[in-house]
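The values are calculated or read from the model by the stated rules, or taken from the named source; none is laboratory data. Quantities reported herein were computed from a predicted structural model and do not represent experimental measurements. When we count neighbours, we look across all protein chains shown, and the Cβ atoms used for this are built from the backbone with ideal geometry, even at glycine. Just so you know, the surface numbers come from the protein's heavy atoms only, side chains and all, with ligands and any DNA or RNA stripped out. Shrake-Rupley method; radii C 1.70, N 1.55, O 1.52, S 1.80 Å.
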Amino acid sequence: MTYNIAVVGATGAVGTQMLKMLEESILPINNLKLLASKCSAGKTLTFKGKGIKVEETTENSFDGIDIALFSAGGSTSAKFAPFAVAAGAVVVDNTSFYRQHPQVPLVVPEVNDEALEQHQGIISCPNCSTIQMMVALEPIRQQWGLERVIVSTYQAVSGAGQSAINETIHQLSQVINDQINPKDVKAEILPSSEDKKHYPIAFNALAQIDVFTDNDYTYEEMKMTKETKKIMGDEQLKVSATCVRIPVISSHSESVYIETKEIAEITAVKDAISKFPGAILEDDPSKQVYPQAVNAVGKKETFVGRVRKDLDQENGIHLWVVSDNLLKGAAWNSVQIAEELHKRNLVRPTTENIFLA
């Protein structure tokens with residue numbers, strides 16, 4: 001069995017990484033269709049040494065497509081994913097649009113791949129910062145349970161797209177080469193392109209990712225909270241997040257504090273993490289070994305270190321978690337889901353398209 005695959009948003013930061021992940025994938029690919037907006041149509045991208053012309057995404061783009069990987073923004077997924085499902089494709093959506101839909105599985109393959117069995121045409125990828133935290137915490141949850149999660153993120157600008165990468169590089173150049181004060185450089189995108197004010201990211205840390213909600217948390221922080229509960233199947237789990245953007249191009253870092261239901265020995269926790277699929281333990285304080293963003297770039301795994309007991313809370317544990325946000329946090333997780341659908345023989349049209357109802 002071979003598949004016809006479409007990548008929606010193929011020219012974007014995540015889309016281009018999806019092509020690389022598909023090149024390395026075990027998926028038997030018959031034909032690859034690259035889709036993007038009208039302004040990107042006509043460009044040529046390379047896949048396995050062959051040039052493929054990018055086409056404009058339309059309602060009729062999915063005829064004959066078996067798997068459609070979406071990473072072109074929530075509005076694009078909202079508009080076109082139902083038509084992909086109606087055409088017989090299974091959609092793997094990397095945007096936030098369907099994540100909290102009650103009939104859409106939210107999947108990190110290492111953590112809850114069994115949820116794919118319930119799909120009705122669309123599977124959602126969690127937020128990039130949520131994905132890596134799930135890989136780090138699941139081996140702990142399986143053995144000792146979880147009561148509380150408090151996470152502070154240090155997120156790369158690539159999570160805000162290519163335009164944010166360009167803005168960061170330009171600002172850093174202005175400060176270093178043109179000797180402009182960091183607070184005086186022009187900002188048009190960060191912390192959120194959708195908000196009223198924009199602040200410099202060069203030599204700065206912005207305690208805002210996405211816009212603020214009514215409870216004074218940002219949407220990014222609420223995504224992490226809600227997605228963690230959904231993936232782990234525990235609405236009673238206490239989760240709180242503070243999400244910060246820093247001037248790093250790729251790879252998100254996270255400081256995670258957890259409280260387990262049962263008291264766990266740190267040596268056993270480290271051993272569980274080291275044996276968990278997709279997780280790599282980098283933890284040797286005596287040799288200054290711990291995960292670093294620059295080392296995670298281009299790698300599919302999630303790196304975990306600085307695993308240590310809280311000094312006051314007996315069931316409290318601290319961790320440092322790092323992963324490439326464009327790979328495990330987006331492109332690789334999407335392709336992993338597609339691979340798992342193939343392994344489970346779940347690439348098949350649905351009998352009822354609830355998303356066009």
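Restricted to the stretch 101-128, and to residues that are assigned to a loop (DSSP other than H, G, I, E, B) and more than 19 Å from the chain's Cα centre (by Cα), which residue is surrounded by the fewest Cβ atoms within 10 Å (Cβ to Cβ)?
First, the residues of the stretch 101-128 that are assigned to a loop (DSSP other than H, G, I, E, B): 101-105, 107-108, 119-121, 125-127.
Now narrow it down to the ones that are more than 19 Å from the chain's Cα centre (by Cα): 102-103, 119-121.
On the way: Pro102: 5, Gln103: 12, His119: 21, Gln120: 17, Gly121: 25.
Among them, the one singled out is Pro102.
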Leading residue by the ranking (nearest to Asp283 (Cα to Cα)) among those in the stretch 112-159 that are outside the structural domain of Ile67 (by the TED database) and among the acidic types (Asp, Glu): Glu138
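Give me the residue from the stretch 164-188 that is of a type in the set (A, V, I, L, M, F, W, C) and assigned to a helix (DSSP H, G or I) and, out of that set, surrounded by the fewest Cβ atoms within 10 Å (Cβ to Cβ).
Quick first cut of the stretch 164-188, residues of a type in the set (A, V, I, L, M, F, W, C) only: 164-165, 169, 172, 175-176, 180, 185, 187.
From what's left, assigned to a helix (DSSP H, G or I): 164-165, 169, 172, 175-176.
Values: Ala164: 23, Ile165: 18, Ile169: 14, Leu172: 18, Val175: 18, Ile176: 11.
The residue in question is Ile176.
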Residues that are in contact with a Gly (Cβ under 9 Å, 6 or more places away or on another chain) and not aliphatic (A, V, I, L, M): does the stretch 337-347 have at least one? no
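State yes or no: is Ser286 polar (S, T, N, Q), on the phi < 0 side of the Ramachandran plot, open to solvent by 50 Å² or more (accessible area, probe 1.4 Å) and in contact with a Gly (Cβ under 9 Å, 6 or more places away or on another chain)?
On the way: polar (S, T, N, Q): yes; on the phi < 0 side of the Ramachandran plot: yes; open to solvent by 50 Å² or more (accessible area, probe 1.4 Å): yes; in contact with a Gly (Cβ under 9 Å, 6 or more places away or on another chain): no.
Spelling it out, it is not the case that Ser286 is polar (S, T, N, Q), on the phi < 0 side of the Ramachandran plot, open to solvent by 50 Å² or more (accessible area, probe 1.4 Å) and in contact with a Gly (Cβ under 9 Å, 6 or more places away or on another chain).
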Hits in the stretch 246-262 (condition: assigned to a strand (DSSP E or B) and closer than 13 Å to Cys128 by Cα): His252, Ser253, Glu254
Matching residues in the stretch 227-245 - criterion: being surrounded by fewer than 19 Cβ atoms within 10 Å (Cβ to Cβ), among the basic types (Lys, Arg) and either in contact (Cβ under 8 Å) with a residue 40 or more places away in the chain or not in a helix (DSSP H, G or I) (or both): Lys238
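In the stretch 150-163, is there at least one residue being surrounded by fewer than 23 Cβ atoms within 10 Å (Cβ to Cβ), touching a His at 6+ places or on another chain (Cβ under 8 Å) and in contact (Cβ under 8 Å) with a residue 40 or more places away in the chain?
Taking the stretch 150-163 first, the residues surrounded by fewer than 23 Cβ atoms within 10 Å (Cβ to Cβ) are 150, 152, 154, 160-163.
Now narrow it down to the ones that are touching a His at 6+ places or on another chain (Cβ under 8 Å): 154.
Now narrow it down to the ones that are in contact (Cβ under 8 Å) with a residue 40 or more places away in the chain: 154.
Yes: the stretch 150-163 contains one or more residues that are surrounded by fewer than 23 Cβ atoms within 10 Å (Cβ to Cβ), touching a His at 6+ places or on another chain (Cβ under 8 Å) and in contact (Cβ under 8 Å) with a residue 40 or more places away in the chain.
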Residue under evaluation Val294, criteria (1) under 20 Å from Leu326 (Cβ atoms); (2) of a type outside the set (D, E, K, R); (3) surrounded by 12 or more Cβ atoms within 10 Å (Cβ to Cβ), criterion not met: (3)
Looking only at residues in the stretch 129-149 that are under 18 Å from Ile273 (Cβ atoms) and of a type in the set (D, E, K, R), which one is surrounded by the most Cβ atoms within 10 Å (Cβ to Cβ)? Glu138
Tell me the residue from Thr2, Thr11, Thr46, Thr76 that is under 20 Å from Ala160 (Cα atoms) and without any contact (Cβ under 8 Å) to a residue 60 or more places away in the chain, please. Thr11
